[in-house]
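Notes follow once the structure below has been shown.
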Amino acid sequence: MLETATKLNELVTKAFTNAGVPLEHAEIVSDHLVASNLAGHDSHGVMRIVQYLAAVKSGEINPTTRPSVLSDSPSGASLAGNRAFGQIAGHDCMALAIEKAREMGVAAVTVSNCYHSGRIGTYAEQAAAAGMIGIILVNAGGGGQWVAPFGGAAGRLGTNPIAIGAPSGGKYPIVLDIATAVAPEGKVRDYRNRQKEVPAGWILDHQGRPTTNPNDLYEPAPGGSLQPLGGSAGYKGFGLSVMIDILAGGLSGAGCCRAEEVAASDGITMLAIKIENFAAAGSYYDQVKALVEHLKSCPPAPGFQEVFVPGEHEFLRREQRLAEGIEVDDVTWTALTESA
Ligand SMILES: NC(=O)c1ccc[n+]([C@@H]2O[C@H](COP(=O)([O-])OP(=O)(O)OC[C@H]3O[C@@H](n4cnc5c(N)ncnc54)[C@H](O)[C@@H]3O)[C@@H](O)[C@H]2O)c1
């Protein structure tokens, strides 16, 4: 089903309010999900409605709450997520980091114990829209251990994503937004739903053998594992993931990965950096503009049409989907129309 972003937003908001989510919260989560579809990341878009409504019903999400402050200082804060929607916790976390960075130049805010934080590039865009650089690090509090360490044959880490957003002065901010696994688990689920093989190098089966069958990630128990980002240099993605586990899980209090795997509950650390405290704004924007022009001037390698900078794909996809609509899979569409 092809639908406009506006109509999808209305439906998702209605589905949430029908499930007892306050309108203000329903709108924040709905905006985030539809924006993820617009950016081209369907795995973190409205297809999550089925999972989130089930989590509201089971009590994994407390739909009426927002994070509360555990500790506070001029340059940072630690928030309790209170099982809030991750999108609301993430939004509040970055909003507070931005507010503090306006005064202090740099601020760091953490959240523990919130539900799935969604497409974390959204919070990088939030910082960039405020004219700041934003850094976002997320773990699942010791849950979702899909990813094998480099050289390992079984899951020990979450997909531990990182996003960094920087305003560019151009049409879109520069936003890197990636899992530190070669792919998030949701993408393997998507391949499995479509009965397609995953690309080589993504997963190992339960005996540590490379496979392209997406089912091998899930069965037989305890399932296989995702590879860390980086292929033959996967120790780099692995190292990044370990440090994110410490920074997001250890600092926030959500918890790092450990022997006892727990239910996923996101731990988040966000930083906001006020550019003017470090560089004259004019100089910063001139440098970033020159960098982008320099990269875009690179001749394409065989098989490529052009060089893209981080965040450009999402910008282009957003323009396209705003004009042409968003394709929603049948399972999600049925669930959405039945709930709205
Ligand atoms: N909340 C969570 O727990 C969680 C966990 C894992 C992943 N995620 C989300 O999953 C989404 C997908 O993650 P992913 O690792 O599959 O990302 P991906 O492989 O789609 O990479 C996206 C990043 O790469 C850039 N990019 C894409 N193609 C490019 C190209 N040709 N040239 C230059 N840059 C390019 C994009 O601009 C973006 O910054 C992200 O939005 C992430 O936030 C969330």
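The values are calculated or read from the model by the stated rules, or taken from the named source; none is laboratory data. Being a predicted model, the structure only gives us computed values, none of them experimental. FYI the Cβ positions are ideal-geometry reconstructions off the backbone, even for glycines, and counts take in every protein chain you see.
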Do we have V262 as touching a residue at least 40 places away in the same chain (Cβ under 8 Å), under 21 Å from the mean Cα position of the chain (by Cα) and at negative phi here? yes
Would a scan of segment 171-193 turn up a residue that is farther than 23 Å from G311 by Cβ, away from the ligand (no atom under 16 Å from the Cβ) and basic (K, R)? no
Kindly provide the set of residues from segment 105-131 that are over 16 Å from S71 (Cβ atoms) and not in a loop (DSSP other than H, G, I, E, B), ordered by number. V106, C114, G121, T122, Y123, A124, E125, Q126, A127, A128, A129
H41 passes all but one of (1) surrounded by fewer than 21 Cβ atoms within 10 Å (Cβ to Cβ); (2) farther than 22 Å from R66 by Cβ; which number fails? (1)
For segment 20-36, state whether one or more residues are touching a Leu at 6+ places or on another chain (Cβ under 7 Å), in contact (Cβ under 8 Å) with a residue 12 or more places away in the chain and not charged (D, E, K, R). yes
Considering only segment 1-100, give the helices (runs of 4 or more DSSP H) lying wholly within it that have at least 2 residues that are within 16 Å of the ligand (Cβ to nearest atom) and in contact with a Lys or Arg (Cβ under 8 Å, 6 or more places away or on another chain). 23-38
Restricting attention to segment 282-311, and to residues there that are of a type in the set (S, T, N, Q) and assigned to a helix (DSSP H, G or I), which single residue is farthest from the chain's Cα centre (by Cα)? S283
Pairs please, first residue from segment 64-77 and surrounded by 12 or more Cβ atoms within 10 Å (Cβ to Cβ), second anywhere and assigned to a loop (DSSP other than H, G, I, E, B) and polar (S, T, N, Q), Cβ atoms under 8 Å, 6+ apart in sequence or on different chains. T65/N82; R66/N82; P67/N82
Count of residues meeting criterion [free of Cβ contacts under 8 Å to residues at least 12 places away in the same chain and in contact with an Asp or Glu (Cβ under 9 Å, 6 or more places away or on another chain)] in segment 270-298: 2
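The rows are residues; the columns are (1) at negative phi; (2) touching a Ser or Thr at 6+ places or on another chain (Cβ under 9 Å); (3) modelled with pLDDT under 95.
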| position | (1), (2), (3) |
| --- | --- |
| G121 | yes, yes, no |
| W146 | yes, yes, no |
| P161 | yes, yes, no |
| S168 | yes, no, no |
| P184 | yes, yes, yes |
Would you check which residues across segment 110-134 are more than 27 Å from Q51 (Cα to Cα) and either surrounded by fewer than 24 Cβ atoms within 10 Å (Cβ to Cβ) or under 17 Å from the mean Cα position of the chain (by Cα) (or both) and list them? A127, A128, A129, A130, G131, I133, G134
Testing P310 on (1) in contact with a Phe, Trp or Tyr (Cβ under 7 Å, 6 or more places away or on another chain); (2) closer than 28 Å to S75 by Cβ; (3) of a type outside the set (V, I, T); (4) within 11 Å of the ligand (Cβ to nearest atom), one condition comes back false. Which one is that? (1)
Conditions (1) crowded, with 24+ Cβ neighbours inside 10 Å; (2) assigned to a strand (DSSP E or B); (3) not basic (K, R) -> D245 fails only (2)
Which count do you get for residues in segment 312-329 that are over 24 Å from the mean Cα position of the chain (by Cα) and either among the acidic types (D, E) or crowded, with 17+ Cβ neighbours inside 10 Å (or both)? 1
Please enumerate the residues belonging to segment 112-156 that are among the polar types (S, T, N, Q) and within 10 Å of the ligand (Cβ to nearest atom). S117, T122, N139
Quickly run through segment 191-225 and pick out the residues that are farther than 23 Å from E261 by Cβ and in contact with a Ser or Thr (Cβ under 8 Å, 6 or more places away or on another chain). E197, P199, A200
Give all pairs with beta carbons closer than 8 Å in which a residue from segment 1-14 that is of a type outside the set (A, V, I, L, M, F, W, C) meets a residue that is loosely packed, with under 15 Cβ neighbours inside 10 Å; count only pairs at least 6 apart in sequence or on separate chains. T13/L23
Check segment 160-174 and report whether any residue there is more than 19 Å from the chain's Cα centre (by Cα) and of a type in the set (A, V, I, L, M, F, W, C). no
